[in-house]
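Enquirer: Below is a structure I'd like to ask you about.
The values are calculated or read from the model by the stated rules, or taken from the named source; none is laboratory data. For clarity, every value in this text was computed on a predicted model and none was experimentally measured. Glycine gets a Cβ as well: all are built from the backbone with ideal geometry, and neighbour counts include every protein chain shown. Remember, those area values only see protein heavy atoms, side chains included, never the ligands or the DNA or RNA. Shrake-Rupley method; radii C 1.70, N 1.55, O 1.52, S 1.80 Å.
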Amino acid sequence: MSKSFYIETFGCQMNAHDSEKVVGTLESQGYVQTQVEDEAGLILYNTCSIRDKAEQKVFHRLNEYKRLQGEGKKFAVIGCVAQQEGERIFDKAPYVSIVAGSASYRNLPAMLARLERGDSRITGLDDKQTTETFETPFVARTNQHRGYITIIEGCDKFCAYCVVPYTRGNERSRSAASVLEEARRMADAGYTEIQLLGQNVNSYRDPSRQKTFAELLHAVATLPGIRRVRFTTSHPRDFTRDIVDVIDATPSLCDHVHLPVQSGSSDVLRKMDREYTRDWYLERIAWIKSAQRDISITSDIIVGFPGETDADLEQTATLLDEVGYDAIFAFKYSPRPNTPAISMADSLSDEVKSARLKVLLDRQREIQRVNYDRHRDQVMELMIESHNTQRNQVVGRSTQNKTVNFTTSQPILPAIGSYQTVRITQAFPNSLLGEAVL
Ligand code: SAH
Ligand code: SF4
Ligand code: F3S
């Protein structure tokens, strides 16, 4: 078997970062990454099972590429579908050799050794309920300027619709000291932006009881060399006022909170087992809005949860207006295996769910039109992400996580990862246009 591998990643930022750990681990075992599936000896899919569509993607991919099995290529299915489906994957796709959930990546070297010996049906599924976090000794980060650190794994909240507690196991945090050590190493290596990750990042509980989540934010954000710190995803249940205070007090903490509400109806929230009401959520929003900084707020929404009425949907629509989000990620409810909601009648048709989704997205677009327009004539600092040579523009990101395309009269374009001040000249519902301030 050739020691080249190809990896494709689906799902959330945690999965994206897990793949960086998997790549680092494979490289430490002498494997070399290729961007071409046909050239790889080992093909890995790091999978997501949050909605049915996401899960189906991996089986489509496997079907597309199973012809390569004849050439001696091996397949590994890792991540959330692997943990959820377990050995059933071998029955569905017998050419798969490894099935491993995220809590077992530290055992990958042993799994690879078995693969090289010719074993098949190798699993890493048993340690889902571990108390350990799963940082690996090797991480191959794909971006040299902005990097992820997972500070808390898993989820104990068990919302009625969600697979994550079953695919990622129970909640467990890394010690503040180990997070800070990794952040310091990244700063030394030239990283200026750090994104702290967790399914519920603000449910962080330092096992060594040294720091609260807000104190950890402050400590990472004040490391020499670190100019920006983001954190995602925050859960309303654990959103405390000191998070707003620490953003106000720490310039390098970004002006952005992603605080998914899921629904604006307290009835639906109760059925979802979210453990908060509309008013309770709006109180947290009021804290964020009372900050001195202009903190951007974004959210996730599920439409068409079992029993959702038109009146419930209207409650979500009015909540969008009330909060004035800068972005929402809205999804049609998808019934998922193992979850409590699977036994509730999924009574709304796909047409109804699509129509409701459209109502919300149309409403949100108008909100963003107004929100983004407020930035006209403002001067802001961007981190440069890419160059759009066709349009002769540079693409950067603001502290509020907004995309800004801008022009510059400088003969040499600002480098990727550098910072540039721009003045905003035009606003669209999803991006801004500007010119460099030289
Ligand atoms: N821990 C975060 C969310 C993580 S999952 C939180 O609680 O806010 C990311 C998003 O996927 C969720 O916010 C939700 O909007 C969506 N999602 C999760 N399960 C879903 C399902 N069964 N159907 C549709 N969307 C779902
Ligand atoms: Fe899923 Fe709820 Fe946990 Fe978020 S808090 S990951 S939606 S179970
Ligand atoms: Fe998907 Fe697993 Fe993330 S289900 S959203 S990859 S935690």
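Enquirer: Residues of the stretch 266-281 with backbone nitrogen within less than 13 Å of a virtual label 7 Å along the Cα-to-Cβ line of ARG363, please, listed as ranges.
Expert: Those under the cut-off are 266.
Enquirer: Right, next: Specify which residue in the list TYR325, GLN69, ALA311 is farthest towards the positive end of the charge dipole of the chain, using unit charges on the beta carbon of Lys, Arg (+1) and Asp, Glu (-1), about the Cα centre.
Expert: Ranked along the dipole, the leading option is GLN69.
Enquirer: Expressed in nm to one decimal, what extension gain is obtained for the pair SER4 and ASP245 from 0.36 nm per residue of sequence separation less their Cα-Cα distance?
Expert: Working: separation 241, 0.36 × 241 = 86.76 nm, distance 4.83 nm.
Contour length minus Cα-Cα distance gives 81.9 nm.
Enquirer: Give the cysteines in the chain for which no other Cys Cβ lies under 4.7 Å away, or write none if there are none.
Expert: CYS12, CYS48, CYS80, CYS155, CYS254
Enquirer: Tell me, what is the per residue accessible area of the chain in Å², probe radius 1.4 Å?
Expert: Values: 18770 Å² over 438 residues.
Roughly 43 Å² per residue, with all protein chains present.
Enquirer: Here's another thing I want to ask about it. Using a Förster distance of 41 Å, how high is the FRET efficiency between THR421 and LEU125, based on the Cβ-Cβ distance and rounded to 0.05?
Expert: Details: r = 50 Å, r/R0 = 1.22.
Efficiency computed from Cβ-Cβ geometry: 0.25.
Enquirer: Right, here's the next one. Compute the length gained on full extension between THR309 and ASN401: take 0.36 nm times their separation in residues and subtract their Cα-Cα distance, giving the result in nm to one decimal.
Expert: 29.8 nm
Enquirer: Run the quick spin-label model on LEU433 and ARG185: label points 7 Å from Cα toward the beta carbon, then report their separation in nm to one decimal.
Expert: Computed distance between label sites LEU433 and ARG185 equals 4.5 nm.
Enquirer: Roughly how many Å is it from the Cα centre of the stretch 1-60 to that of the stretch 360-438, as a whole number?
Expert: The two parts, judged by their Cα centres, are 32 Å apart.
Enquirer: Across 10 Å bins from the origin, how do the percents of Cα pairs in the stretch 4-124 run, short distances first?
Expert: Spelled out bin by bin, the stretch 4-124 gives 14, 52, 32, 1 percent.
Enquirer: Right, another one. Quickly work out the ASN392-to-ASP321 label distance, labels modelled 7 Å from Cα along the C-beta direction, and quote it in nm with one decimal.
Expert: It works out to 4.4 nm between the two label points.
Enquirer: Now for a separate question. Which longest run of the chain has no exposed loop site in it, a site being GluC sites (Glu not before Pro) in a DSSP loop with at most 14 other beta carbons within 10 Å, and the site itself not part of the run?
Expert: Values: sites that count: GLU87, GLU132, GLU275.
In the chain, the maximal stretch lacking such sites is 276-438.
Enquirer: So, one more: Under 17 Å from a point 7 Å along the Cα-to-Cβ line of GLU283: which residues of the stretch 234-257 have their amide N that close?
Expert: Inside the label zone: 235-245.
Enquirer: A follow-up question, please. Tally Lys/Arg at +1 and Asp/Glu at -1 over every other residue whose Cβ is under 12 Å from the Cβ of ASP362; what's the total?
Expert: Working: positive: ARG356, LYS358, ARG363, ARG365, ARG369; negative: GLU366.
In short, +4.
Enquirer: Under the 0.36 nm per residue contour assumption, what length would be gained going from the current alpha-carbon distance of SER409 and VAL32 to full extension?
Expert: Result: 131.6 nm gained on full extension.
Enquirer: Another question, then. Mind checking Rg over Rh on the stretch 146-373, alpha carbons, Kirkwood formula for Rh? All intermediate terms of the calculation are to be shown ahead of the outcome.
Expert: Details: Rg = 18.4 Å, Rh = 18.6 Å.
So for the stretch 146-373, dividing Rg by the Kirkwood Rh gives 0.99.
Enquirer: Are any of the pairs LYS57/LYS332; LYS271/LYS402; LYS53/LYS353 more than 25 Å apart by Cα-Cα distance, and if so, which? Each step should come with its number before you reach the end.
Expert: Numbers: LYS57/LYS332 17 Å; LYS271/LYS402 33 Å; LYS53/LYS353 15 Å.
Too far apart for the 25 Å limit: LYS271/LYS402.
Enquirer: Further question on the same structure: Please give the direction-averaged projected area of the C-alpha convex hull for the chain, in square nanometres with one decimal.
Expert: On the way: hull surface 86.8 nm².
The orientation-averaged projected area of the Cα hull of the chain comes to 21.7 nm².
Enquirer: Please work out whether the stretch 172-244 counts as rounded, prolate or oblate from its C-alpha gyration tensor, where a ≥ b ≥ c are the square roots of the eigenvalues and a/c under 1.5 means rounded, while otherwise a/b larger than b/c means prolate and anything else oblate? Spell out each step's value before the answer.
Expert: Numbers: a/c = 1.93, a/b = 1.52, b/c = 1.27.
Since a/c reaches 1.5 and a/b is larger than b/c, the shape of the stretch 172-244 is classed as prolate.
Enquirer: Using r as the Cβ-Cβ distance of SER347 and ASP91, and R0 as 25 Å, what FRET efficiency do you calculate, to the nearest 0.05?
Expert: Working: r = 32 Å, r/R0 = 1.27.
The computed FRET efficiency comes out at 0.20.
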